[in-house]
Amino acid sequence: MNDILRSRLTSGMDKDVAEFISSIDVDRWIFESDIFVNKAHVTMLCEQNIISKEDCLSILRALDTIKKGGFASLDATLEDVHVAIESKVIELAGEAGSRMHTAISRNDEVATCIRIALREELLEMMRELIALRKVLLNMADKHTSTVMPGFTHLQHAQPTTFAHHLIAHADAFKRDFNRATDAYARVNLCPLGAGAFASTGFSINRERTAQLLGFESLIENSMDAVSTRDFAIECISAFANTMVDLSRIAEEFILWSTPEFDFIELDDGYASTSSIMPQKKNPDALELIRARASSVGGALQSVLSICKALPYSYNRDLQEVTPHLINAISTLRSSLRITTGAIDTAQIKSDRMAAATHVGFITATELADTVVRETNVPFRTAYQIVGTLARSGQKTTLDEIDVVSKKVIGKKLSELGLTQSSLDKALDPEQNIQIRGIRGGPAPKETIRMIKDRMKQISSDMKSLDQKVGKINAALKQLNAPVREK
Ligand code: ARG
């Protein structure tokens, strides 16, 4: 038996069972992290005089060799990456290698590895979110005067601008960024040193391994450290939220690329064709983002269910969380990149957007508001007059309105002070937008202000992201330094 962990048993594991319980394929994701974890651990063991300097150096050298050989150099028939790396270290470093697993369990090891791999992905994902926000805001900057219909219930509702619409999406992605930042703070905590769950009688230094691995602090309670996957739930929840946001803008671009809307045209690089209909230009990539939002939602549900009612501390069930986490983050990250590119390269048909604001009596709200301001009738009365007017489509003359108001309230609005010029203004989509300059509104002066403000947020988000990356890189650099004999 070449399995270093089977001394308790008299036979090898049934092959089918071994495959069934193995996480080795999924563990590719934490291969590098596990090298780091082992390096930090043995460095600390040496500093604490738990293993000798020579043994430490032999182990570090073996770990470097394994890292160079890559994941493929491991024995893939073994249960997981941890036992595969340890076996290889023993193979390469002999008795010294057999000392590596002193005062560490796979339970604290795997939890630490997952957090290291995940925080890396989180940082990359945050960078991708920033890129998307930038694309949206740069596009918004070009379209602060591009009028378009705003929709409620997918019906023409009120005029807005394309900039206003894009900033709305950018703001949702800013909140996604903040959620990722919040989750990051709880991911970047070190469970190492918890052992199987009850810590260890060796005088290890947990703060030191945490520091070597670039963690902000510890998951202190050793039982908590190996038992919890709440950070995974929190991250997948943030990913699912972001996927939902992506699916909504993807859906809009899909709709807007139809001849019915014709607001945008996707770049050919983001379009597919049909095998039978020669004329087709299909938005398949965006459709898949729409669908994959559901898959990430499914991952969240799976992880919640795996962890629910799971007794403390470690149970093998927890292994089943990891693939969901990996799939969720990888789906999210590719979806972020595709969405960013699809939007960035899309052709925007401003004329078509503007033309659509003359369909569906989209200025009716402003007309009712104007009636209130000019004649002082109550809003609900003005609403009833304009609503009655709307039954027969958009009416534009004072006479037409007077006929209706006479019927509804027994008086002509012209007699109460409504003029043709205020009516014309109310019915002009661009004027509608100009006067909506209150905070958060679509008036260009306000959208220009919002864009500037968001661009500043992006710079500060970028800075804090770079700081996080810098801290981790500085820590891991020590562990990556070539092993020097002394
Ligand atoms: N491969 C396992 C996981 O992903 C880690 C090993 C813990 N196994 C154990 N029998 N205690 O969770």
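The values are calculated or read from the model by the stated rules, or taken from the named source; none is laboratory data. It should be emphasised that the depicted structure is a prediction, and the values quoted were computed from it without experimental measurement. Every residue, glycine as well, gets a Cβ built from its backbone with ideal geometry; the counts of neighbours run over all protein chains shown.
Determine which member of the set Phe197, Phe162 is away from the ligand (no atom under 16 Å from the Cβ), among the aromatic types (Phe, Trp, Tyr) and touching a helix residue (DSSP H, G or I) at 6+ places or on another chain (Cβ under 9 Å).
From the options Phe197, Phe162, the qualifying one is Phe162.
Anything in the stretch 91-105 that is more than 14 Å from the ligand (Cβ to nearest atom) and either among the basic types (Lys, Arg) or over 11 Å from Asp55 (Cα atoms) (or both)? List them, or say none.
Result: Glu91, Leu92, Arg99, Thr102, Ala103.
When you check Ile306 against the structure, is it within 30 Å of Arg133 (Cβ to Cβ), among the aliphatic types (A, V, I, L, M) and either buried (at least 18 other Cβ atoms within 10 Å of the Cβ) or at pLDDT 95 or above (or both), yes or no?
no
Please verify whether the stretch 212-228 includes one or more residues that are within 16 Å of the ligand (Cβ to nearest atom) and under 24 Å from the mean Cα position of the chain (by Cα).
Looking through the stretch 212-228, at least one residue is within 16 Å of the ligand (Cβ to nearest atom) and under 24 Å from the mean Cα position of the chain (by Cα).
Search the stretch 315-332 for residues that are without any contact (Cβ under 8 Å) to a residue 60 or more places away in the chain and pair each with any residue that is more than 11 Å from the ligand (Cβ to nearest atom) and not polar (S, T, N, Q) when their beta-carbon atoms are under 7 Å apart and the residues are at least 6 apart or on different chains.
Asp317/Ile306; Asp317/Leu310; Glu320/Ile306; Asn327/Ala299
Need at least 3 residues that are β-branched (Val, Ile, Thr) per element, so show me which helices (runs of 4 or more DSSP H) inside the stretch 10-104 make the cut, counting only ones lying wholly within it.
Correct list: 31-47, 53-69, 81-93.
Determine the pairs where a residue that is farther than 12 Å from Asn107 by Cβ, located within the stretch 188-210, has a partner that is away from the ligand (no atom under 14 Å from the Cβ) and of a type in the set (Val, Ile, Thr) with Cβ atoms under 6 Å apart, the partner being 6 or more residues away or on another chain.
The qualifying pairs are Leu189/Ile219; Phe202/Ile50.
Residues that are within 41 Å of the chain's Cα centre (by Cα) and surrounded by fewer than 17 Cβ atoms within 10 Å (Cβ to Cβ): find the helices (runs of 4 or more DSSP H) completely inside the stretch 378-454 holding 1 or more of those.
It comes to 429-434.
I'd like the residue in the stretch 306-334 that is among the small types (Gly, Ala, Ser) and over 25 Å from Ala196 (Cβ atoms) and, out of all such residues, is farthest from the ligand (Cβ to nearest atom).
Among residues in the stretch 306-334 that are among the small types (Gly, Ala, Ser) and over 25 Å from Ala196 (Cβ atoms), the one farthest from the ligand (Cβ to nearest atom) is Ser334.
Considering each residue of the stretch 220-251, count those that are in a helix (DSSP H, G or I) and of a type in the set (Lys, Arg), and give that number.
Here the count works out to 1.
What number of residues within the stretch 271-309 are outside any helix (DSSP H, G or I) and under 27 Å from the mean Cα position of the chain (by Cα)?
5
State whether one or more residues within the stretch 253-265 are among the aliphatic types (A, V, I, L, M) and under 28 Å from His324 (Cβ atoms).
yes
Output the number of residues of the stretch 24-50 satisfying the condition of being buried (at least 24 other Cβ atoms within 10 Å of the Cβ), charged (D, E, K, R) and within 12 Å of the ligand (Cβ to nearest atom).
Qualifying residue count for the region: 2.
Run down His156, His164 and say which single residue is under 30 Å from Gly393 (Cβ atoms) and outside any helix (DSSP H, G or I).
After applying the criteria, what remains is His156.
Mind listing whichever residues of the stretch 209-236 are polar (S, T, N, Q) and crowded, with 17+ Cβ neighbours inside 10 Å?
Within the stretch 209-236, Thr209, Gln211, Ser222, Ser227, Thr228 qualify.
Do you know which residues across the stretch 455-486 are small (Gly, Ala, Ser) and not in a helix (DSSP H, G or I)?
Of everything in the stretch 455-486, just one residue is small (Gly, Ala, Ser) and not in a helix (DSSP H, G or I), namely Ala481.
Give me the pairs: first residue in the stretch 107-121 and small (Gly, Ala, Ser), second residue part of a helix (DSSP H, G or I) and within 11 Å of the ligand (Cβ to nearest atom), beta-carbon distance under 7 Å, and six or more apart or on different chains, which are they?
Ala111/Val226; Ala117/Trp29; Ala117/Ile30
Whether any residue in the stretch 106-121 is under 30 Å from Met243 (Cβ atoms), within 15 Å of the ligand (Cβ to nearest atom) and small (Gly, Ala, Ser) is what I want to check.
yes
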